[in-house]
Amino acid sequence: QVRLVESGGGLVQAGGSLRLSCAASGRTFSSDSMGWFRQAPGKEREFVAAINSGGGRTYYADSVKGRFTISRDNAKNTIYLQMNSLKPEDTAVYYCAAGYSPSVVATSYYYWGQGTQVTVSS
């Protein structure tokens, strides 16, 4: 059974940092592009960051550029999202996903995790 499991979410004050992890199981994901999306209450799911299979190309939403860093460890079948200088508007459920390419479009991804809550207090 293929699974993506996110962890590392929690409550943090504005300006703080969190590192999210997404552990994949069921098969190797070293050939897949991976992405992070988020969904805040009452809002649509939005793109946060993506990385290609080799890890050499990364993409970010303008709202997180310079603050968030996506990375992957193919030996561990795990991707990460380092989030620094967090703002209250970063509060959302964060999802990792696997897809054919590092796309900003959610429908390009075929496996999704269940999400992890990130709450940033002001």
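The values are calculated or read from the model by the stated rules, or taken from the named source; none is laboratory data. Quick caveat: nothing in here was measured; it's all calculated off a predicted structure. Don't worry about glycine lacking a Cβ; one is built from the backbone with ideal geometry, like all the others, and counts go over all protein chains shown. Remember, those area values only see protein heavy atoms, side chains included, never the ligands or the DNA or RNA. Shrake-Rupley method; radii C 1.70, N 1.55, O 1.52, S 1.80 Å.
Structure above, values below:
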| read-out | value |
| --- | --- |
| Integer Hz, Karplus 6.51/-1.76/1.60 couplings in order for the stretch 14-27, x for Gly and Pro | 3, x, x, 10, 9, 10, 8, 10, 9, 9, 9, 8, x, 6 |
| Test item: Cα-centred dipole of the stretch 16-98, Lys/Arg +1 and Asp/Glu -1 on Cβ, debye | 140 |
| Accessible surface ranking that places the most exposed of Arg38, Arg3 first, with a 1.4 angstrom probe | Arg3, Arg38 |
| Estimated D of the chain in µm² per second, where Rh is the Kirkwood radius over Cα pairs and Stokes-Einstein applies at 20 °C, 1.002 mPa s | 153 |
| Relative intensity, log₁₀ I(q)/I(0), of the stretch 64-122 from a Debye sum that treats every alpha carbon as a point, q = 0.26, 0.29 Å⁻¹ | -1.29, -1.32 |
| Near-label residues of the stretch 50-81 by backbone N, under 18 Å of a point 7 Å along Cα→Cβ of Arg27 | 53-54, 74-79 |
| Mean Cα-pair separation over length for the chain, i.e. relative contact order, pairs under 8 Å, 6 or more apart, % | 36 |
| Among Gly16, Ala106, Gly26 the positive-end extreme of the charge dipole of the chain (Cβ point charges) | Gly26 |
| Phi to ³J(HN,Hα) by Karplus 6.51 cos²θ - 1.76 cosθ + 1.60 over the stretch 48-53, Hz, x for Gly, Pro | 10, 7, 8, 9, 7, 4 |
| Karplus-derived 3J(HN,Hα), 6.51/-1.76/1.60, for each residue of the stretch 66-82, Hz, glycine and proline x | x, 10, 10, 9, 9, 8, 8, 10, 5, 5, 9, 6, 9, 10, 9, 9, 7 |
